[in-house]
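Novice: Supplied in structure tokens, the structure appears directly below.
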Amino acid sequence: MRHPTKGTAPKVAAAPEPAEPEAKKRRDIIDGARRVFFDKGFDGASMDEIARASAVSKATIYVYFSSKEELFQALVETDRRKSAERLFEFDADDADVESLLTRIGMTFMTMMVQPDHIRLVRMVIGAAEKFPAVGRTFFDAGPCHGGRRLADLIARQAALGHLRVDDCEMAAFQFFNLCQGNLVKGLMFGTGQQPTPDEIERTVAGAVRVFLAAYGILRN
């Protein structure tokens, strides 16, 4: 798509009214697609069903999205970035790093074990072989985005003298992996029951202990 030149920029700025209705229509389509994808799966979902669920025509969907794959990518990116934003609602300068990591770990794991999240991950894995861009979108908007945000927090805590870390991004992914323990894998493969809040709390507490044992700074 051609980007506007400097000469055309004022015309874009001078007509802001359509922006919100257009954005709302796009959100409506993504919301309708979410319901259909979760109900039918990626392969089973049709654009006709998505149009009905979104209360728009199929032609309208194609104004915003060129294909079912592109629509699914948009859904994945929207959902993962929203989740990452909720995960990092905290004070990066909080001196109680143990409490800070615990809150992040609990929020992260509460989202990770949700049935809709497990269903979405399974759909992405199923679609990624045929449509690699879908897998890349999920990985970048979810795990990579969250890892980068946590790496920024870890770097800030290291600068404040609360942690000693050489590779903040590696440490961030280590923490997220520690928080999952074996809970998420059990759900992914259908062998585990929904973990209780106590099970999540114990797993996250263990992750925080291991992380601080590796990267924490002992105080006299």
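Just so it is clear, none of the values below were taken in a lab; they were calculated from the coordinates. All values reported here derive from a predicted model rather than from experimental measurement. For neighbour counting, all protein chains shown are included, and Cβ atoms are generated from backbone atoms with ideal geometry for every residue, glycine included.
Novice: Residues with amide H under 5 Å of LEU163's amide H, sequence separation 5 or more or different chain, H placed in the peptide plane at 1.01 Å from N; which?
Specialist: Residues meeting the criterion, in which the H sits 1.01 Å from N, are ALA158.
Novice: Taking R0 as 35 Å, what FRET efficiency do you get between ALA92 and ALA55 from their Cβ-Cβ distance, rounded to the nearest 0.05?
Specialist: 0.25
Novice: If you don't mind, another one. Between GLU85 and PHE139, take the C-beta separation as r, use R0 = 22 Å, and let me know the FRET efficiency to the nearest 0.05.
Specialist: After rounding, the FRET efficiency stands at 0.80.
Novice: Output the relative contact order of the chain, whole-number percent, from Cα pairs under 8 angstrom with separation of 6+ residues.
Specialist: About 19 percent, as a whole number.
Novice: Computed from these coordinates, which is Rg and Dmax of the Cα atoms in Å: [x] 20.8, 68; [y] 17.1, 54; [z] 18.4, 57?
Specialist: [x]
Novice: Provide, for the chain, the number of lysine pairs with alpha carbons under 25 Å apart, each pair being eight or more places apart or on different chains.
Specialist: 21
Novice: Amide H to amide H, which residues 5 or more places from GLY192 or on other chains are under 5 Å from it, using H placed in the peptide plane?
Specialist: Under 5 Å from the amide H of GLY192: LEU187.
Novice: Taking the simple approach of a point 7 Å from Cα along Cα-to-Cβ for both ALA213 and GLU201, what is their distance in nm?
Specialist: So the label points at ALA213 and GLU201 sit 2.2 nm apart.
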